[in-house]
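Chemist: Starting off with a structure, shown below.
The values are calculated or read from the model by the stated rules, or taken from the named source; none is laboratory data. What you see is a predicted model; the values in this text were computed from it and never measured. Counting neighbours? That spans all protein chains shown, and the Cβs are built from the backbone with ideal geometry, glycine included. Protein only, heavy atoms only, side chains kept; ligands, DNA and RNA dropped before computing areas. Shrake-Rupley method; radii C 1.70, N 1.55, O 1.52, S 1.80 Å.
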Amino acid sequence: MSLPLVVALDGPSGSGKSSTARGVATRLGLAYLDTGAMYRAVTWALLQRGVDTDDAAAVAAAVADVNIASGTDPSAPTILADGVDVGVEIRSDEVVRHVSPVSTVPEVRTHLVDLQRRTIAAADAGIVVEGRDIGTVVATDAAVKIYLVADPQARAARRAAEEGGTDTAATAASLLRRDQIDSTRATSPLAKADDAVEIDTTFLTLDEVIDRIVALAQERR
(Lines give C-alpha, C1' and ligand atoms only; values in the text may rest on other atoms or scores of the structure.)
Protein backbone atom coordinates (compact mmCIF):
# COMPACT_ATOMS: atom_id res chain seq x y z
CA MET A 1 0.00 0.00 0.00
CA SER A 2 1.48 3.35 -1.08
CA LEU A 3 1.95 6.18 1.39
CA PRO A 4 -0.12 9.37 1.00
CA LEU A 5 1.57 11.80 -1.38
CA VAL A 6 2.83 15.01 0.21
CA VAL A 7 3.79 17.91 -2.06
CA ALA A 8 5.71 20.69 -0.28
CA LEU A 9 5.50 24.01 -2.11
CA ASP A 10 7.68 26.86 -0.83
CA GLY A 11 8.73 30.26 -2.08
CA PRO A 12 8.55 33.99 -1.42
CA SER A 13 5.39 36.09 -1.53
CA GLY A 14 4.01 36.64 -5.01
CA SER A 15 5.77 33.67 -6.60
CA GLY A 16 2.44 32.01 -7.37
CA LYS A 17 2.25 29.48 -4.55
CA SER A 18 -1.45 29.65 -3.73
CA SER A 19 -2.87 29.37 -7.24
CA THR A 20 -0.33 26.72 -8.11
CA ALA A 21 -0.87 24.65 -4.96
CA ARG A 22 -4.64 24.67 -5.36
CA GLY A 23 -4.35 23.73 -9.02
CA VAL A 24 -1.97 20.85 -8.31
CA ALA A 25 -4.16 19.57 -5.48
CA THR A 26 -7.24 19.66 -7.70
CA ARG A 27 -5.52 17.88 -10.58
CA LEU A 28 -4.12 15.14 -8.32
CA GLY A 29 -7.19 14.76 -6.12
CA LEU A 30 -5.32 15.81 -2.99
CA ALA A 31 -6.12 18.00 0.01
CA TYR A 32 -4.68 21.51 0.20
CA LEU A 33 -3.22 23.53 3.08
CA ASP A 34 -2.31 27.21 3.02
CA THR A 35 0.02 27.69 5.98
CA GLY A 36 0.38 31.41 5.32
CA ALA A 37 -3.34 31.81 6.02
CA MET A 38 -2.77 30.14 9.38
CA TYR A 39 -0.20 32.77 10.38
CA ARG A 40 -2.52 35.55 9.27
CA ALA A 41 -5.40 33.97 11.20
CA VAL A 42 -3.29 33.88 14.37
CA THR A 43 -2.39 37.51 13.77
CA TRP A 44 -6.06 38.44 13.41
CA ALA A 45 -6.92 36.61 16.65
CA LEU A 46 -4.12 38.33 18.56
CA LEU A 47 -5.22 41.73 17.29
CA GLN A 48 -8.76 40.96 18.43
CA ARG A 49 -7.34 40.24 21.88
CA GLY A 50 -5.50 43.56 21.93
CA VAL A 51 -2.07 41.90 21.97
CA ASP A 52 0.86 44.10 20.95
CA THR A 53 2.22 42.16 17.96
CA ASP A 54 5.62 43.84 18.33
CA ASP A 55 5.94 42.40 21.85
CA ALA A 56 7.32 38.89 21.23
CA ALA A 57 6.78 37.85 24.85
CA ALA A 58 3.13 38.92 24.78
CA VAL A 59 2.58 37.11 21.48
CA ALA A 60 4.26 33.97 22.83
CA ALA A 61 2.09 34.01 25.94
CA ALA A 62 -1.17 34.44 24.00
CA VAL A 63 -0.74 32.15 21.00
CA ALA A 64 -1.37 28.85 22.80
CA ASP A 65 -4.98 29.90 23.40
CA VAL A 66 -5.67 30.66 19.74
CA ASN A 67 -7.67 27.94 18.00
CA ILE A 68 -6.97 27.66 14.25
CA ALA A 69 -8.84 25.29 11.91
CA SER A 70 -8.08 24.96 8.20
CA GLY A 71 -10.45 23.49 5.64
CA THR A 72 -8.44 21.49 3.09
CA ASP A 73 -10.76 21.36 0.06
CA PRO A 74 -8.74 23.03 -2.74
CA SER A 75 -11.94 24.21 -4.44
CA ALA A 76 -13.14 26.01 -1.30
CA PRO A 77 -10.43 26.28 1.38
CA THR A 78 -11.48 27.83 4.67
CA ILE A 79 -9.69 29.27 7.68
CA LEU A 80 -11.24 29.72 11.12
CA ALA A 81 -9.79 31.50 14.13
CA ASP A 82 -11.49 30.82 17.45
CA GLY A 83 -14.47 29.47 15.52
CA VAL A 84 -14.82 32.55 13.30
CA ASP A 85 -14.47 32.31 9.51
CA VAL A 86 -11.75 34.89 8.82
CA GLY A 87 -11.11 34.18 5.14
CA VAL A 88 -11.82 37.81 4.26
CA GLU A 89 -10.46 39.46 7.40
CA ILE A 90 -6.97 37.98 7.10
CA ARG A 91 -6.49 39.81 3.80
CA SER A 92 -6.99 43.21 5.44
CA ASP A 93 -4.21 45.81 5.46
CA GLU A 94 -4.12 45.66 9.26
CA VAL A 95 -3.42 41.92 9.37
CA VAL A 96 -0.89 42.15 6.54
CA ARG A 97 0.98 44.88 8.45
CA HIS A 98 1.21 42.82 11.62
CA VAL A 99 1.76 39.26 10.35
CA SER A 100 5.53 39.54 9.85
CA PRO A 101 6.48 40.19 13.50
CA VAL A 102 3.98 37.56 14.66
CA SER A 103 5.40 34.93 12.31
CA THR A 104 8.94 35.41 13.64
CA VAL A 105 8.00 34.43 17.21
CA PRO A 106 9.28 30.86 17.85
CA GLU A 107 6.26 29.91 19.97
CA VAL A 108 3.93 30.85 17.12
CA ARG A 109 5.85 28.72 14.67
CA THR A 110 5.99 25.77 17.09
CA HIS A 111 2.23 26.03 17.69
CA LEU A 112 1.37 26.13 14.00
CA VAL A 113 3.95 23.62 12.76
CA ASP A 114 2.45 21.07 15.15
CA LEU A 115 -1.01 21.80 13.75
CA GLN A 116 0.28 21.65 10.17
CA ARG A 117 1.89 18.26 10.75
CA ARG A 118 -1.31 16.91 12.25
CA THR A 119 -3.27 18.18 9.26
CA ILE A 120 -0.82 16.50 6.88
CA ALA A 121 -1.03 13.22 8.80
CA ALA A 122 -4.84 13.30 8.60
CA ALA A 123 -4.89 13.65 4.80
CA ASP A 124 -5.39 10.02 3.82
CA ALA A 125 -5.12 10.58 0.07
CA GLY A 126 -2.26 13.06 0.33
CA ILE A 127 -1.93 16.83 0.45
CA VAL A 128 -0.32 19.84 -1.19
CA VAL A 129 1.07 22.21 1.44
CA GLU A 130 2.23 25.71 0.62
CA GLY A 131 4.33 28.03 2.73
CA ARG A 132 7.89 29.14 3.36
CA ASP A 133 9.29 26.33 5.52
CA ILE A 134 7.36 23.26 4.36
CA GLY A 135 10.21 21.37 2.69
CA THR A 136 12.81 22.47 5.25
CA VAL A 137 10.86 22.16 8.53
CA VAL A 138 7.22 21.08 8.37
CA ALA A 139 7.41 18.11 5.99
CA THR A 140 11.06 17.29 5.45
CA ASP A 141 10.16 13.81 4.15
CA ALA A 142 7.73 15.08 1.49
CA ALA A 143 7.98 13.05 -1.72
CA VAL A 144 7.86 16.19 -3.84
CA LYS A 145 9.48 19.48 -2.86
CA ILE A 146 9.07 22.55 -5.06
CA TYR A 147 10.57 26.00 -4.60
CA LEU A 148 8.87 28.69 -6.68
CA VAL A 149 10.64 31.92 -7.58
CA ALA A 150 9.83 34.83 -9.86
CA ASP A 151 11.23 38.18 -10.92
CA PRO A 152 10.47 40.85 -8.27
CA GLN A 153 8.44 42.96 -10.72
CA ALA A 154 6.36 39.96 -11.78
CA ARG A 155 5.71 39.11 -8.14
CA ALA A 156 4.70 42.70 -7.40
CA ALA A 157 2.34 42.86 -10.38
CA ARG A 158 0.65 39.64 -9.31
CA ARG A 159 0.25 40.71 -5.71
CA ALA A 160 -1.04 44.17 -6.68
CA ALA A 161 -3.61 42.54 -8.98
CA GLU A 162 -4.70 40.16 -6.21
CA GLU A 163 -5.19 43.05 -3.81
CA GLY A 164 -6.97 45.24 -6.35
CA GLY A 165 -4.24 47.86 -6.42
CA THR A 166 -2.14 49.41 -9.16
CA ASP A 167 0.90 50.68 -7.24
CA THR A 168 3.34 47.92 -8.13
CA ALA A 169 6.33 49.94 -6.91
CA ALA A 170 4.95 50.10 -3.38
CA THR A 171 3.96 46.46 -3.57
CA ALA A 172 7.46 45.50 -4.73
CA ALA A 173 9.01 47.37 -1.80
CA SER A 174 6.64 45.61 0.61
CA LEU A 175 7.51 42.20 -0.84
CA LEU A 176 11.24 42.88 -0.53
CA ARG A 177 10.78 43.86 3.12
CA ARG A 178 8.85 40.64 3.71
CA ASP A 179 11.59 38.65 1.95
CA GLN A 180 14.18 40.17 4.29
CA ILE A 181 12.15 39.30 7.39
CA ASP A 182 11.31 35.79 6.20
CA SER A 183 14.84 34.87 5.14
CA THR A 184 16.63 36.25 8.21
CA ARG A 185 14.35 35.21 11.08
CA ALA A 186 15.99 32.92 13.61
CA THR A 187 13.30 30.23 13.52
CA SER A 188 12.37 28.44 10.27
CA PRO A 189 13.67 31.03 7.81
CA LEU A 190 12.55 31.01 4.19
CA ALA A 191 14.98 28.71 2.38
CA LYS A 192 15.09 26.25 -0.49
CA ALA A 193 15.41 22.64 0.65
CA ASP A 194 18.48 20.88 -0.72
CA ASP A 195 16.30 18.35 -2.56
CA ALA A 196 13.70 20.82 -3.83
CA VAL A 197 13.10 21.46 -7.52
CA GLU A 198 13.25 25.18 -8.28
CA ILE A 199 10.79 26.58 -10.81
CA ASP A 200 10.99 30.16 -12.05
CA THR A 201 7.39 31.22 -12.76
CA THR A 202 8.21 34.65 -14.22
CA PHE A 203 7.49 33.73 -17.83
CA LEU A 204 5.31 30.66 -17.29
CA THR A 205 1.54 30.51 -17.30
CA LEU A 206 -0.21 29.06 -14.27
CA ASP A 207 -1.15 25.94 -16.25
CA GLU A 208 2.46 25.43 -17.32
CA VAL A 209 3.66 25.55 -13.71
CA ILE A 210 0.92 23.17 -12.59
CA ASP A 211 1.74 20.78 -15.46
CA ARG A 212 5.40 20.60 -14.41
CA ILE A 213 4.60 19.85 -10.78
CA VAL A 214 1.87 17.34 -11.59
CA ALA A 215 4.24 15.49 -13.93
CA LEU A 216 6.92 15.35 -11.23
CA ALA A 217 4.40 14.18 -8.64
CA GLN A 218 3.12 11.43 -10.91
CA GLU A 219 6.68 10.22 -11.47
CA ARG A 220 7.33 9.97 -7.74
CA ARG A 221 3.90 8.62 -6.84
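Chemist: How much FRET efficiency would the formula 1/(1 + (r/R0)^6) give for T205 and A125, where r is the Cβ-Cβ distance and R0 is 25 Å, rounded to 0.05? Spell out each step's value before the answer.
Modeler: Details: r = 27 Å, r/R0 = 1.08.
Given R0 = 25 Å and the Cβ-Cβ separation, E is 0.40.
Chemist: What percent does the relative contact order of segment 90-221 come to when contacts are Cα pairs within less than 8 Å and at least six residues apart? It would help to have the intermediate numbers written out before the result.
Modeler: Numbers: 102 pairs, mean separation 41.6, N = 132.
Once divided by the residue count of segment 90-221, the mean separation gives 32 percent.
Chemist: Ratio to report: Rg/Rh of the chain, with Cα atoms as the point set and Rh obtained by the Kirkwood method; give two decimals. Present the calculation step by step, with values, prior to reporting the outcome.
Modeler: Working: Rg = 16.5 Å, Rh = 17.5 Å.
The Rg/Rh ratio comes out at 0.94.
Chemist: Out of the total accessible area of segment 96-184 (probe 1.4 Å, heavy atoms of protein only), what percent is carbon and sulfur?
Modeler: Details: 2130 of 4070 Å².
About 52 percent, which is the carbon plus sulfur part of the accessible surface.
Chemist: Using amide H atoms built 1.01 Å from N in the peptide plane, name the residues 5+ places from G87, or on other chains, whose amide H lies under 5 Å from its own.
Modeler: I79
Chemist: Measure out, as a whole number of angstrom, how far apart the alpha-carbon centroids of segment 134-195 and segment 48-103 sit.
Modeler: 19 Å
Chemist: Would you mind checking which residues have amide H under 5 Å from A31's amide H? H placed 1.01 Å from N; only 5 or more apart, or other chain.
Modeler: Under 5 Å from the amide H of A31 lie the amide H atoms of G126, I127, V128, each far enough along the sequence or on another chain.
Chemist: Roll a 1.4 Å probe over the protein chains and send me the accessible area per residue for the chain in Å². Write down the numbers at each step before the final one.
Modeler: Numbers: 10400 Å² over 221 residues.
Per residue, the chain has an accessible area of 47 Å².
Chemist: Using +1 on the beta carbon of Lys and Arg, -1 on that of Asp and Glu, and nothing else charged, what's the dipole of segment 1-117 about the Cα centre, debye to 20? Don't skip to the answer; put the middle values down first.
Modeler: Details: 9 positive and 14 negative charges, 108 e Å.
Dipole size: approximately 520 debye.
Chemist: Placing +1 at every Lys and Arg Cβ and -1 at every Asp and Glu Cβ, with all other atoms neutral, what dipole size does segment 134-221 have around its Cα centre, in debye to the nearest 20? Kindly include the intermediate steps, with their values, before the conclusion.
Modeler: Numbers: 11 positive and 15 negative charges, 52 e Å.
Its charge dipole is roughly 240 debye.
Chemist: Counting only DSSP beta bridges with both residues in the chain, tell me the antiparallel percent, nearest 5. Provide the component values of the computation, followed by the final result.
Modeler: Numbers: 6 of 24 bridges.
Percent antiparallel among DSSP bridges in the chain is about 25.
Chemist: What list of ³J(HN,Hα) couplings, whole Hz, do you get for segment 47-59 from phi and the Karplus terms 6.51, -1.76, 1.60, once you set θ to phi - 60° and write x for glycine and proline?
Modeler: Result, rounded to whole Hz: 5, 5, 7, x, 6, 6, 6, 8, 9, 4, 5, 5, 5.
Chemist: Nearest 20 debye, what's the magnitude of the dipole of the chain about its Cα centre given +1 on Lys and Arg Cβ and -1 on Asp and Glu Cβ?
Modeler: Numbers: 22 positive and 32 negative charges, 51 e Å.
It comes to approximately 240 debye.
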